[in-house]
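Report on the following structure.
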Amino acid sequence: SHASSCVVVLGCDIDATRRTSAALGARLGVRVVCVTYDGAARRRNDEIGVECADADDDDGVEWVALRGATSEEASAIVFDPSQGLLKCLNITTCALCVFGVSRELALGSDGETASASARRGGRAASVCGIPTVVATVPTTSRAAPIDDAIDATCDVVRACLGALGAMTTDEHGVSSVGARNWPRAHFPFPSLGRWASLGASRELAFRDDALAASVLTPPTVDVGFGANADCWSLGGLGGVSHYADAADVDAISPERARKVLRDAFADADIYVAVSAPPKRRGGVKFHACKPGVLWRQEAVRALRSSDDDASVSMTADAAAAKDTFGRSLPRQNLGDASASDVGARFVSQLATEKLVNDRRAKARMDDKDNDKDDVARRRHPSDALPRAFVLTPGTIVADDSPRGDVDVVISGGVAVSIVNTWPHAHALSLVDAVVVESLREHPTSGVPLWLCEAEDD
């Protein structure tokens, strides 16, 4: 039986995951269990067979390889409290899960896409009740360096373990602090700073009695599972304060908001996302961030029966030459100190173009209302159907957003942000007033202050 606490590191890139595991074990002095998966994507049916192998540990890292599992399935296998991997290994005190360091696009809205494998796995681990850190380098290049990202991840993980109290050891130098919400508890729901306080807090006060009554009245007399009368955090639906009372409740102070953030992280109701450039410029610069703004456009090319790649490219260039609404924008890669005209690209202003074209089309339709041939062509556009579509990376446009992760990483810094485990307005998700406080930084390191205060105390 292992009484000491451990950190579980998961990833699909064997080399990157093992390097991250070795660095965490050496720099933080914690027990690390490394788990790799092959990331096989497929449709899930009733049951899935996943092979498990105890791999070599030449670098001193305990390593288990899962073959035939996605990131989400790997999280379920490792952290299932009944017959999961940790249960089978008799590990009862896991303090933290780390996904990565992974090379994948996870900045801005990319973190919510299907290609963000580590983010999906990190959310699955959080749902199990394990505090989680997801570390990524936003690139699709398998050769991109990750040494700086591993160093940054070690620093953030140290802060996370400090916030969880897992850096505290006994007289033998051993920490026995594990995830306090694993297995995950269902009741009572924490309410301070959460959507569970709907109708009972200033941040989520109802605007009028009609809305309060509408929302808080059970859909039926007998709900059927007894949650409302048993353990609901607000004392049962019928006991929720009405909007006038909620408006009188004091607002959450910054100090209390940071305590809510630490509690939410310990309960795995949020997880920490670390995004680092392939190479830092100067010293590591951490910043507390929120999702930045990325726009992807012109990623699809339609091929006609007579088109080839050359003609399609010429057609696109000709269309750009006639575009009076777009603009030329400079290009900046992750390793660049600043944007440059080298590689600048013309970017269409598609929304403006659509508005103008819609007006022109309406004018043409008004002129041709009595043209029966034109009406028939619009109803049966057989000649408009392409023979194929080609998906490309397209053009990625980044817009400025204060403290956005996109802005920070492009500038060479390391972005540290929180991500809600649950959908917005879920009972356990954070209210905006608390999320805003997650942007407050430590004055010297730049790491989010809510992670550092436990270390300073």
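The table that follows gives values for the structure above.
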{"read-out": "Candidate set from the stretch 117-129 (those that are open to solvent by less than 10 Å² (accessible area, probe 1.4 Å) and out of contact with any Leu (no Cβ under 7 Å at 6 or more places or on another chain)); member that is nearest to Thr17 (Cα to Cα)", "value": "Ala118"}
{"read-out": "Lone unmet requirement of (1) of a type in the set (A, V, I, L, M); (2) in a helix (DSSP H, G or I); (3) closer than 21 Å to Ile418 by Cβ for Leu86", "value": "(3)"}
{"read-out": "Failed item in (1) aliphatic (A, V, I, L, M); (2) touching a helix residue (DSSP H, G or I) at 6+ places or on another chain (Cβ under 8 Å); (3) without any contact (Cβ under 8 Å) to a residue 40 or more places away in the chain, with Ala143 passing the rest", "value": "(2)"}
{"read-out": "Odd one out for Ile252 among (1) in a helix (DSSP H, G or I); (2) more than 23 Å from Arg119 (Cβ to Cβ)", "value": "(1)"}
{"read-out": "Selection within the stretch 270-313 - farther than 25 Å from Arg103 by Cα and modelled with pLDDT of 85 or more", "value": "Arg301, Ala302, Leu303"}
{"read-out": "Top-ranked residue of the stretch 379-431 - restricted to ones that are of a type in the set (D, E, K, R) and either under 17 Å from the mean Cα position of the chain (by Cα) or part of a strand (DSSP E or B) (or both), ranked as modelled with the lowest pLDDT", "value": "Asp399"}
{"read-out": "Criterion (hydrophobic (A, V, I, L, M, F, W, C), out of contact with any helix residue (DSSP H, G or I) (no Cβ under 9 Å at 6 or more places or on another chain), over 24 Å from Ala205 (Cβ atoms) and buried (at least 17 other Cβ atoms within 10 Å of the Cβ)) met by exactly one of Val397, Val419, Val408, Val447", "value": "Val408"}
{"read-out": "Evaluation of Thr136 against (1) part of a loop (DSSP other than H, G, I, E, B); (2) of a type in the set (S, T, N, Q); (3) modelled with pLDDT of 85 or more (one fails), failing number", "value": "(1)"}
{"read-out": "Residue that is modelled with the highest pLDDT [pool: residues in the stretch 99-133 that are among the aliphatic types (A, V, I, L, M) and in a strand (DSSP E or B)]", "value": "Val133"}
{"read-out": "Check on Ala229, modelled with pLDDT of 95 or more, out of contact with any helix residue (DSSP H, G or I) (no Cβ under 6 Å at 6 or more places or on another chain) and of a type in the set (Gly, Ala, Ser)", "value": "no"}
{"read-out": "Test: residue in the stretch 133-153 that is under 19 Å from Leu428 (Cβ atoms), open to solvent by 10 Å² or more (accessible area, probe 1.4 Å) and of a type outside the set (Lys, Arg)", "value": "no"}
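Let's see how each residue does on (1) in contact (Cβ under 8 Å) with a residue 12 or more places away in the chain; (2) touching a helix residue (DSSP H, G or I) at 6+ places or on another chain (Cβ under 7 Å); (3) among the hydroxyl-bearing types (Ser, Thr, Tyr):
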site	(1), (2), (3)
Ala76	yes, yes, no
Ile91	yes, no, no
Cys94	yes, yes, no
Phe99	yes, yes, no
Glu104	yes, yes, no
Ala114	no, no, no
Val134	yes, yes, no
Thr139	yes, no, yes
Thr153	yes, yes, yes
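Conditions (1) buried (at least 21 other Cβ atoms within 10 Å of the Cβ); (2) modelled with pLDDT of 90 or more; (3) on the phi < 0 side of the Ramachandran plot, marked per residue:
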{"site": "Arg42", "(1), (2), (3)": "no, no, yes"}
{"site": "Asp46", "(1), (2), (3)": "no, no, yes"}
{"site": "Gly49", "(1), (2), (3)": "no, no, yes"}
{"site": "Asp57", "(1), (2), (3)": "no, no, yes"}
{"site": "Leu66", "(1), (2), (3)": "yes, yes, yes"}
{"site": "Lys87", "(1), (2), (3)": "no, yes, yes"}
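The values are calculated or read from the model by the stated rules, or taken from the named source; none is laboratory data. These figures come from a predicted structure and were not determined experimentally. For neighbour counting, all protein chains shown are included, and Cβ atoms are generated from backbone atoms with ideal geometry for every residue, glycine included. These accessible areas exclude ligands, DNA and RNA; they are computed on the full protein's heavy atoms, side chains included. Shrake-Rupley method; radii C 1.70, N 1.55, O 1.52, S 1.80 Å.
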